[in-house]
Structures are given as C-alpha cells and as structure tokens.
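Read-outs throughout are calculated quantities, based only on the coordinates presented, and are distinct from any laboratory measurement. Computed from a predicted model, the values in this text were never measured in an experiment. Here Cβ is always computed from backbone atoms with ideal geometry, including for glycine, and neighbour counts include all displayed protein chains.
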Amino acid sequence: MDSERINIDHKYHTLLELTQSVESIINKTYTNSYWVKAEIAKLNFYPKSGHCYPDLVEKQNGKVVAQMRAIIWAGPFNEMSSKFTKVTNEKIGDGMTVLLRCIVKFSPIYGLSLQVNDIEPSFTLGELVKEKQNSIDRLKKEGKFNKNKQLIPALLIQRLAIISVETSKGYQDFIKVIDKNDWGYKFFHMLFPALLQGDGAVNSITSQLISINKIVHHFDAVLIIRGGGGDIGLSIFDNYKLASSVADFPIPVITGIGHSTNFTVSEQVSFVNKITPTEVGYYLIQRFHNLSVRIKDMETKLLEKITGILSHNREILKHVHTNLKVTTERLVYQNNFDLKDINYKLINSLQKCINEKNHLLDNRFSLIKNQTNRFFVENNHKIISLSENIRLLHPDNILKRGYSITLNEGKVIKDASLLNDGDILETTFAEGKTISIVNK
C-alpha cells in the first residue's frame, strides 16, 4: 500500500503536455525551411484530394538508416510535379532520390513529419545521370555492354516477340506498317504485354524477357517498342537490371521507345535502336527487302551463269559430236576392212579344218566299214551253226528220232513216281497221239 501511495504521489505529465513540449522545442529550434536529400520509398498520392504523404528514407549499403513521413499538399504538389516533369522528363515517383525544401513539423496527434514546399528537379536529374553512368560503367566492366550488338542475327528477321502495350498508338502503328507493307512480306509477331513506364515497368519488362527466353527458339528478335508517351518516364530504361537483361539476351533486341537524343542505357546496349516503333517496322521491312533483292540478284546471276554454262557445254557437245562422228566413221571403215580380212581368214581356216575333218571321217568310215563287214562275216557262220543246232533240238525233230512226250493235265511227266492210279496221260509221237490211264 505504501508503494502504491508513493507512485501516486509522483510528479507526472500528460501525453498532451509532453507532445506539446516537444512541439514547442521543435518550433523554436527548426524555425527555417531546409533542403533535405532523401529517397521516396513510396509516394502515397491520393488523386481524390490531390495530397501526397510520401515515405522518405535514406539508405546506406542498401539498408535503411533513417525514415520519416512527409506531407505535400495538393497545391504545392501540382506546382512541384509540373516543374519536375519539365526539367527531368520524369514524373515524381517511387524509388527516386530527390532534394526537397521542407519544414520540420510536429503534431501532438500525427507526430513528427516534414512538410514539403518545393523540389529541386536538377538535383534529381543529376542523380538520374549518375545512375545512368553507373549502369553503363558496370555493364562495360562486366563485358556486357556490346554483347547483344555482337550477336549474329538470323538472315531474315521475321519471327518477332514484341514487348509493348496493346492499346498504345506506337504498337498499333508498328503492326500496321509490317502487316500492310507494299511488298507483301509476311511477319510472324506475338505480343508480350508489359508496363513501359512507371514504378512497375522494370520488373514488368524483365519478367516478359524471361518468358520469351523460355521459348526463344521460336523467335528471331525481341522488339521493345513504345509510343505516344513523349519523353516522360524514359529513365526506367537506364536501370541496370533492365539494361543488363537486354544486353544478356540470346537473340537480338531491337528498341524503338520514342525519342531522338540522349539515348538510354537499354537503347545503347540493344542490337539496333530506332527512334519510333514505325522506324523499327521500316527497318525490318528494309532488311526483308534487302534479302529479297539479294536473292533476286543471285537468281539473275545464277540464270546467267547457267545459261553461259549451257551455251559453252552445247558448243563442247557439238565439237565432241563432230569428232565422235569422224572417229566413228574411221573406226567403222577400219573395222569393216579388218572384219573382211578376218572373215576371209576364218573361211579359209574353216574350210581347211572341214577338209581335214572330212578326210579323217572318210578314213574312220572305211575302217568302221571293214570292221563291220568282218564282224558280220564272222558272226554269220556262228548264226548258221546255232540255227542248225536249234533246228535239231526242235521237239518235232526229237520225236522223229523215236522219242515221245507224255503230258498229265498239260504238264510234261518227268518222274513216274508222281503219277497216281487213274491219272489220264496224253502221249505225243512223231506221228499221232495216244491216251492212257495209269494202273499201278
């Protein structure tokens, strides 16, 4: 209870008293306006009221070391924005390093803040130039600055990946130029929509480059085209991340983002830069036309060459034909003479051979004839002797010598023991036959 009584007896200040004291000190200490260098982390612009409540930060080595809220009322913001855009060709936006004229304010309700009354655009312009030069120096140090320029493009740049805004006038003009060209050249093109200015432009464009790279074999070049927006917002193309993505891309990147002086880093590292999307279209058509002319010239030269070769070969063939005809006639004449000589010799040789063979055949014939006659004479005596023997052995002649033949059922009886009582026998004599019955 004593401790509680002691706490209650402590002297204290209300929050309002404390904040009013701080407010008084700040108002007495910071009586002037000050130029403050800071980065706009987030602009926090409210279109309905026209007021801005930017979050200001300071970074060292990428780390926030100071942070404060600011207030820009609608009237001053309109004046500052107009002046800033006129000098830098950029709109005040997130991520910019700016030099602001501020009054330090403290409110018991809203706390500490900076009330911004003015801006120095030339300072930001210098920062943008510095950022641009830093990007260039870094790309050169890394060996990327001329990397895309050194690519060998397709002989015909015909398949196009386009990063743009579909509704922009520049994109529409480009499509009209290439699709309705006077020569009827055909291009394939695919749009990869992206933001081309403002806070999200860098990430939007690099994201689409990544998407294109996944199917890069379908394209001959990437086009980044922008039109209708004047020179406002071009500083995004000085961003190192975007310029590095362009420089590193594996196929040519062609830019046409709509200004004629003070080329951005992305334009400097691109394969080809043209001022407007329309000029990009004419550039591609001209490349197409140049190739077409080269092909037609080659076709003409080829036809002339072929015609010359054919004419030359025709003369050679005529000469060969004449020589061949003369040579053939000479060979035919010579061969006819040789054939006649060969024919004569062949006939004589054949005749001689035939005569020799005929003489030989005559000798052989005489020999065969003599041998045949001798064979017939010798064998004729044998035949006569055999005929006589056969005649003597004839059954009739045997029967005449007193022999007989006995048959039993048409079979000659050679063994009497084979006969049975009652067998009927037929006996044949030289003159006549008898029938007898066996009776044992």
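General observations
- Span per principal axis, largest first, for the Cα atoms of the chain (Å): 197, 98, 40
- Using the Karplus relation 6.51 cos²θ - 1.76 cosθ + 1.60 with θ = phi - 60°, the per-residue 3J(HN,Hα) values for the range 194-199 come to 7, 6, 10, 7, x, 5 Hz, with x marking Gly and Pro.
- Averaging the sequence gap over all C-alpha pairs within less than 8 Å and six or more residues apart, then dividing by the number of residues, gives the chain a relative contact order of 10 percent.
- Stokes-Einstein D in µm²/s, Kirkwood radius over Cα pairs - the range 162-265 at 20 °C with 1.002 mPa s viscosity: 150 µm²/s
- Measure of compaction for the range 348-440 (Cα Rg per 2.2 N^0.38 Å): 2.40
- Segment GLN351-LYS86, extension gain: residue separation times 0.36 nm, minus the distance between their alpha carbons: 82.8 nm
- Annotation for the range 175-216: trypsin sites (Lys or Arg not before Pro) lying in DSSP loop with at most 11 further Cβ atoms inside 10 Å of their Cβ are LYS180, LYS186.
- With the largest listed first and rounded to whole Å, the semi-axes of the equivalent ellipsoid of the range 397-437 from the Cα gyration tensor are 20, 11, 7.
- Given 16 as the ceiling on other Cβ atoms within 10 Å, longest exposed-site-free region of the chain for chymotrypsin sites (Phe, Trp or Tyr not before Pro) in DSSP loops: 184-402
- Cross-link table LYS86/LYS140; LYS325/LYS345; LYS37/LYS59, entries beyond 20 Å C-alpha to C-alpha: LYS86/LYS140; LYS325/LYS345
- Bridging of LYS42 to aspartates and glutamates at a Cα separation below 13 Å is possible for ASP55, GLU58, ASP94, ASP199, once same-chain residues fewer than 8 apart are set aside.
- Axis of helix 169-179 versus longest Cα principal axis of the chain: the two differ by about 20°, to the nearest ten degrees.
- In angstrom, the C-alpha Rg and Dmax of the range 10-129 are 16.1, 60.
- Charge dipole of the chain (Cα centre as origin; +1 on each Lys and Arg Cβ, -1 on each Asp and Glu Cβ, all else neutral): 1660 debye, rounded to the nearest 20.
- Normalised contact order of the range 397-437, rounded percent, pairs of Cα under 8 Å and 6 or more residues apart: 40 percent
- Anchor LYS382: lysines whose Cα lies under 23 Å away (excluding residues fewer than 8 positions away in-chain): LYS369
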